[in-house]
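*Asks:* Mind looking over this structure? Questions follow.
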Amino acid sequence: MKKISRLLMLMMASMLILAACSKDDKEEGNSSNEASEKRKLVVSSFGGDYEAAQMEVLVKPFEEEFNAEVEVVTLYSADALARIKAQKGSPEIDVVQFSGGQEIQAINEELVEEIDSSIVKNISGIYESAVLEEGYGPAMAFDALGILYNIDLVKDVPTSWKDLWKEEYKGNVGVIDISNTFGLQFLVMNALLNEGNEDNIDPGFSSIETLLPHASSIVGTTPDLGNLFAQEEVVIAPYDSGYAFNFSKQGQPIGFSIPEEGGMAIFINMQVVKGTKNSELANEFINYSLRPEVQKAFAEKTGFSPTNKDVKISVDLAEVIPHGEEVMDSLIKLDWNTINENKAEWTERWSKLISQ
């Protein structure tokens, strides 16, 4: 009997161990299933400090809250537009970011789709001017085209676009290539300053032609401009307030000024790529980017101004970046439809001008 009892006890112990192992395996399997159920989203961003800030204050928190995996692809606006155009009908990007009016071309060419208003509810809290095109993705940040300058080497704060032509800066002006949105905006600004506009760009080209002898370099990208400022080859240039903030954070003595003739509005927006299989999550991502706490954190890290009315930025930041609805409304808005229609012709003309 004792032998039988021992045998029964051993059998029961074995069954308990097997049951425990089965439970562990089941729980491990559930954990694995939960991980595999993460929804994936592919989002474009602009690289550098901008992208690093988005990873920290937007992407990572979003992933955690929505049990998602976000892949970030570094693409400047023009490259992003080219990518979704090449992938039309079968996109590999779900959410695309633009900062230079490419969203208008993308809308016209049916490369992006309207947002889902039942999901993107935070749009009700942003400034009216930040709603760029009815039904499509709004601006989640904005800044202004103005004048960047080395505060150690430029004696007086620039107050006019004409200051770029001052003899004291000859040989040290950064002229921005129109392949860069800021260069394109500067071209239009010069047209506006000389009785032209997007429909009459000739005065813009004529004006910049007189600036070229003052140029240190024709600058294509933000990193190139940062390096030229760091090497003191460029001491003044037309560029945007967000990157002025970032350069100064890197330790460069950079100031920013909006000229008395006015600055140009630069809107950073997100669009849902047409044909995405992750439309719901893409809309959630855009909605998340409009949250006041997300926009505040992003502004403090990058210097790009929030578009949500409820964001209160720090006093220190308010002193160095354009912000608020009144400032945003005062900035010059471009006719991107006309610009996009003429961009190819202008680019060819620009190439001939700078190669002379």
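The values are calculated or read from the model by the stated rules, or taken from the named source; none is laboratory data. Please read these numbers as outputs of a predicted model, since none were measured by experiment. Counting neighbours? That spans all protein chains shown, and the Cβs are built from the backbone with ideal geometry, glycine included.
*Asks:* For region 291-316, how many residues are within 21 Å of A144 (Cα to Cα), among the basic types (K, R) and surrounded by 18 or more Cβ atoms within 10 Å (Cβ to Cβ)? Before you say what the answer is, go through the steps one by one.
*Replies:* From region 291-316, those within 21 Å of A144 (Cα to Cα) are 292, 294-316; that's our starting set.
After this cut, where a residue has to be among the basic types (K, R) as well, the list is 296, 301, 309, 312.
Okay, now just the ones that are also surrounded by 18 or more Cβ atoms within 10 Å (Cβ to Cβ), so 296, 301.
Of the residues in region 291-316, 2 are within 21 Å of A144 (Cα to Cα), among the basic types (K, R) and surrounded by 18 or more Cβ atoms within 10 Å (Cβ to Cβ).
*Asks:* Sticking with this one: Any residue in region 139-147 that is within 23 Å of F304 (Cβ to Cβ), in a loop (DSSP other than H, G, I, E, B) and touching a helix residue (DSSP H, G or I) at 6+ places or on another chain (Cβ under 6 Å)?
*Replies:* Scanning region 139-147 turns up no residue that is within 23 Å of F304 (Cβ to Cβ), in a loop (DSSP other than H, G, I, E, B) and touching a helix residue (DSSP H, G or I) at 6+ places or on another chain (Cβ under 6 Å).
*Asks:* Against the conditions (1) part of a loop (DSSP other than H, G, I, E, B); (2) touching a Phe, Trp or Tyr at 6+ places or on another chain (Cβ under 8 Å); (3) over 24 Å from E56 (Cβ atoms), where does I321 fall short? Just the number, please.
*Replies:* Among (1) part of a loop (DSSP other than H, G, I, E, B); (2) touching a Phe, Trp or Tyr at 6+ places or on another chain (Cβ under 8 Å); (3) over 24 Å from E56 (Cβ atoms), the lone unmet condition for I321 is (3).
*Asks:* To continue, here is another question. Can you pull out every residue in region 160-218 that is within 29 Å of Q105 (Cβ to Cβ), among the hydroxyl-bearing types (S, T, Y) and in contact (Cβ under 8 Å) with a residue 24 or more places away in the chain?
*Replies:* S179, T181, S217 - these are the residues of region 160-218 that are within 29 Å of Q105 (Cβ to Cβ), among the hydroxyl-bearing types (S, T, Y) and in contact (Cβ under 8 Å) with a residue 24 or more places away in the chain.
*Asks:* Mind listing whichever residues of region 257-306 are under 21 Å from E51 (Cβ atoms) and either in a strand (DSSP E or B) or touching a His at 6+ places or on another chain (Cβ under 6 Å) (or both)?
*Replies:* I266, F267, I268, N269, M270, Q271, V272, V273, S305, P306
So that you can scan it fast, the table gives a plain yes or no per residue for (1) over 21 Å from V43 (Cα atoms); (2) under 20 Å from the mean Cα position of the chain (by Cα); (3) surrounded by fewer than 22 Cβ atoms within 10 Å (Cβ to Cβ):
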residue	(1), (2), (3)
I218	yes, no, yes
N227	yes, no, yes
S248	yes, yes, yes
P253	yes, no, yes
E260	yes, no, yes
F267	no, yes, no
G275	no, no, yes
S289	no, yes, no
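*Asks:* I've got another one for you. Being under 25 Å from G226 (Cα atoms), touching a Leu at 6+ places or on another chain (Cβ under 9 Å), modelled with pLDDT under 95 and surrounded by 16 or more Cβ atoms within 10 Å (Cβ to Cβ): is that true of F182 here?
*Replies:* yes
*Asks:* Still on this structure, please answer the following. Anything in region 303-345 that is modelled with pLDDT of 95 or more, more than 22 Å from A141 (Cβ to Cβ) and touching a helix residue (DSSP H, G or I) at 6+ places or on another chain (Cβ under 7 Å)? List them, or say none.
*Replies:* Answer for region 303-345, where residues must be modelled with pLDDT of 95 or more, more than 22 Å from A141 (Cβ to Cβ) and touching a helix residue (DSSP H, G or I) at 6+ places or on another chain (Cβ under 7 Å): there is none.
*Asks:* When you look at L153, is it assigned to a loop (DSSP other than H, G, I, E, B) and touching a residue at least 40 places away in the same chain (Cβ under 8 Å), yes or no?
*Replies:* In short, yes.
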